[in-house]
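The values are calculated or read from the model by the stated rules, or taken from the named source; none is laboratory data. Owing to the predicted nature of the structure, the values given are computational and were not obtained by experimental measurement. Backbone-built Cβ (ideal geometry, glycine too); neighbour counts: all protein chains shown. All accessible areas refer to the heavy atoms of the entire protein, side chains included, with ligands and DNA or RNA removed. Shrake-Rupley method; radii C 1.70, N 1.55, O 1.52, S 1.80 Å.
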Amino acid sequence: MAATLALAASPLMATTASAAERVDNPYVGADQYVNSYWSENVVDAAAVAGGELGEKMLTIADTPTSVWMDRTSAIEGNVDGPGLRYHLDAAVEQQQGDTPMVFNLVIYNLPGRDCYALASNGLLEPTPEGMAEYKNEYIDVIADMLAEPQYADLRVVATIEPDSLPNLVTNMSEPACQESAPYYREGTAYALDRLYEAGNVYSYIDAAHAGWLGWDSNAGPAVDVFQEVVTSTEHGYDTVAGFVTNTANSTPLHEPFLEDEPFGSGGGTQVRQAEFYQWNSDFDELDWTEHLYSLAVAAGFPSDIGMLIDTSRNGWGGPDRPTAESSSSTLNIYVDESRVDRRTHRGAWCNPDGAGLGERPTVNPTDNAASHLDAYVWVKPPGESDGNSEEIPNDQGKSFDRMCDPTFASPKLDGALTGALGGAPLAGQWFQDQFEMLVTNAYPAIDGGTVDPDAEAPSAPAGLAAGQVTSSSVALTWDASTDDTGVTGYTVLVDGDAATTSATTSATLTGLTASTTYEITVTARDAAGNVSDASDALSVTTTEGGGGEDTEAPTVPAGLAAGDVTSSSVALDWDASDDDTGVAGYLVHRDGEQVADVSGTSVTDSGLAAGTEYSYTVSAYDAAGNVSAASAPLSVTTEEDDVTPGGGCTVDYTANSWNSGFTGSFVVTNDSGAAVDGWELTFTFADGQTVDQIWSAQASQSGSAVTITPAAWSTTIPAGGSVTFGFNGSHSGTNTAPDDFALDGVVCDIA
């Protein structure tokens with residue numbers, strides 16, 4: 001990966017001029033990106049929960065949530081989902097007309113990340129080498145991608161490094177935090193500068209939450225740290241749109257029954273003196289954002305900075321939510337009976353039992369003018385774990401933090417149990433029990449009418465067509481459907497009943513009956529479960545089959561020979577086979593993969609790489625589906641071709657694999673002195689890999705042969721210039737990289 005990413009390390013400052021004019025509050029007048037992968041988790045969770053709870057889940061499936069870049073591999077895509085470019089392209093597709101689109105992004109990969117909470121430790125070490133990777137292979141790559149012209153109209157709202165700078169205020173007694181401190185400062189400043197230079201990014205610095213920094217003894221020093229880091233950047237206060245609080249935390253938005261005031265008739269005791277608040281006068285996030293704004297402006301931050309509050313898990317509804325102020329005359333009992341925050345301690349941060357969804361994402365909230373709120377947002381997607389509740393070996397750098405263990409009485413919590421929900425997976429992974437709890441305890445409650453669900457179904461698939469038809473199978477293809485939030489898959493129906501599903505625009509029906517006519521249709525579905533109208537029906541009749549019928553295969557084709565051979569094509573012909581009932585056609589294979597199905601005895605195979613040896617065979621089949629053995633193989637080498645419109649090319653390809661999936665990433669460079677227009681890149685997979693979803697380009701695949709053509713904005717590769725694109729694919733356990741890349745038929749060098 002390092003070689004690929006390094007190519008994108010230089011700032012793309014020339015593209016920032018095309019970015020839309022900056023605004024004070026990026027959320028005003030804009031839509032927000034809905035992450036279809038999170039939405040699919042919600043739909044799946046609804047199916048598991050069922051009933052009324054499942055119906056409530058579906059009403060929030062199209063809620064905008066942030067995309068987390070929680071390690072360098074997340075840029076390209078990894079086991080947790082597709083990469084940044086996939087989401088950016090999806091955001092562009094979701095954009096409606098001239099309405100701006102906000103893309104919520106989390107930057108989260110500092111060296112020595114989260115020096116105090118083990119569950120969210122990162123992979124980069126607090127060393128010069130870790131800092132170099134953070135800058136060159138993480139921040140530079142993200143900033144350059146965001147600056148690309150096709151994303152200029154997006155308003156990218158970036159949450160900058162949760163739980164990082166706050167640690168420099170409260171946890172400097174920890175050796176790990178002492179070691180990480182200089183890298184937190186340097187890395188955050190670098191990220192602010194580079195993201196600002198992208199032109200379309202609005203950065204909000206993470207500012208913890210009321211229960212962490214609310215004390216005056218923490219709040220003032222925190223603002224000092226923020227001010228020092230921001231003023232150390234090249235672009236100063238311009239790099240910051242504001243602050244975001246409560247990221248992935250559950251501190252309530254408002255404590256309706258508690259105020260910071262004298263308690264009891266004597267007047268000498270304050271409510272803040274209760275054990276739960278420990279003299280912290282900021283009881284909730286509205287208190288903290290008001291406090292933070294006043295201190296920040298006084299320290300020199302511009303008065304137009306705004307505040308974001310993450311309300312994804314701070315609702316605290318459900319049956320345990322107090323409905324009135326306590327009548328107790330004992331301070332601690334009074335506070336415990338009045339507070340909506342039901343945690344054992346305000347420092348209990350990991351998967352708190354009893355939490356609920358908070359306010360749905362809201363623009364310009366009016367709850368407290370002094371807080372200068374830009375929006376309520378869901379930075380941490382609900383249902384994603386805060387950390388594992390027991391030891392789980394992993395390769396993500398995430399450790400076991402006992403704060404996530406429900407059996408642990410923590411000294412950090414004054415000896416109280418953590419109150420964490422049991423059975424939790426690694427941080428960031430889907431946690432069904434937590435999601436069910438959050439929806440059940442939502443405040444405001446979800447009743448099916450408070451949130452407008454995605455009710456728009458995808459367009460009906462068009463262009464349904466049959467490929468090879470045998471006595472028991474039919475190969476199908478169709479055109480992609482469109483949807484306001486993204487198509488997640490297709491269902492193929494045979495005579496009105498669902499027969500198979502596909503995540504792509506092709507499928508093969510098997511197990512059919514010979515000599516039978518079937519009516520086939522296809523529907524598309526989105527993440528909210530909306531299903532399109534069916535495509536136009538396609539009538540297909542399978543060929544005759546076995547039983548007492550024809551079971552004799554044709555003779556093996558003979559005389560396979562090559563005719564005209566160029567740098568990108570091979571003309572083939574062969575002698576006709578014999579059959580007792582007649583030959584119906586011939587199957588042509590290149591290097592073991594079928595590339596043609598023809599009725600005659602000749603074919604031209606095109607789209608080949610120059611100077612490359614290929615092996616061809618031909619088989620014959622009859623109307624009953626009987627297939628002959630393959631002909632003797634024919635080896636053909638295409639001609640060398642050193643002349644192209646560009647005169648040369650280099651391909652830098654990397655693949656990031658997980659289980660049966662992988663992400664392939666490309667940088668294709670035109671090494672010539674002339675531009676290449678309307679280009680075509682071809683290559684062959686060695687291990688049966690398939691392209692499933694592609695971004696910033698278009699793909700077609702026949703067997704192992706893949707052809708890539710440009711997106712509308714990248715049809716020309718300037719002399720010395722490059723294009724980048726990528727895809728998510730599938731593999732069966734081996735994922736050997738292609739080694740036969742050709743641009744417009746000419747073999748490319750491999751970086």
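Laid out as a table, the results:
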quantity	calculated
Radius 13 Å from Cβ of residue 432, net charge of other residues (Lys, Arg +1; Asp, Glu -1)	-4
Residue-normalised accessible area of region 239-345, expressed per residue, 1.4 Å probe, Å²	37 Å²
Spin-label proximity, residue 96 to region 45-80 - amide N less than 18 Å from point 7 Å beyond Cα toward beta carbon	59-65
Pairwise FRET efficiency - residue 447 versus residue 541, Cβ, R0 = 56 Å, nearest 0.05	0.65
Acute angle (nearest 10 degrees) that the helix 36-49 long axis makes with the longest principal axis of the chain, alpha-carbon atoms	80 degrees
FRET efficiency estimate (nearest 0.05) - Cβ-Cβ, residue 513 to residue 734, R0 35 angstrom	0.45
Cβ-defined net charge surrounding residue 695, 13 Å radius [Lys, Arg +1; Asp, Glu -1]	-4
Two-site FRET efficiency, residue 24 against residue 326, from Cβ-Cβ distance with R₀ of 60 Å, rounded to 0.05	0.90
Residues of region 372-494: accessible area per residue with a 1.4 Å probe, Å²	39 Å²
Exposure of residue 671 as accessible area (Å², to 10), given a probe of 1.4 Å and all protein chains	80 Å²
Exposure rank, largest accessible area first [247, 500, 637; 1.4 Å]	637, 500, 247
Rounded percent of accessible protein surface that carbon and sulfur make up, the chain, 1.4 Å probe	48 percent
For Kirkwood radius over Cα pairs in Å, calculated from these coordinates, the label among (1) 27.2; (2) 28.8; (3) 30.5	(2)
By accessible area with a 1.4 Å probe, ligands and nucleic acids excluded, highest first: order of 436, 228	228, 436
Computed lengthening from residue 394 to residue 711, 0.36 nm per intervening residue step minus Cα-Cα distance	110.4 nm
Extension reserve of the residue 598-residue 687 stretch, reckoned as 0.36 nm per residue once the Cα distance is removed	29.5 nm
Added length on full extension, which subtracts the Cα-Cα distance from 0.36 nm per residue, residue 578 to residue 468	37.5 nm
Net charge, residue 564 excluded, C-beta distance under 13 Å - Lys, Arg +1, Asp, Glu -1	-3
Helix axis angle, 175-198 relative to the chain longest principal axis, alpha carbon, degrees	60 degrees
Degrees, to the nearest 10: 285-299 long Cα axis against longest axis of the chain	80 degrees
Accessible area of residue 430 in the full protein assembly, 1.4 Å probe (Å², nearest 10)	60 Å²
Packing-based order for 725-733, 369-377, using average beta carbon neighbours within 10 Å, highest first	369-377, 725-733
Per residue, in Å², the accessible surface of region 42-106 once ligands and nucleic acids are set aside, probe 1.4 Å	32 Å²
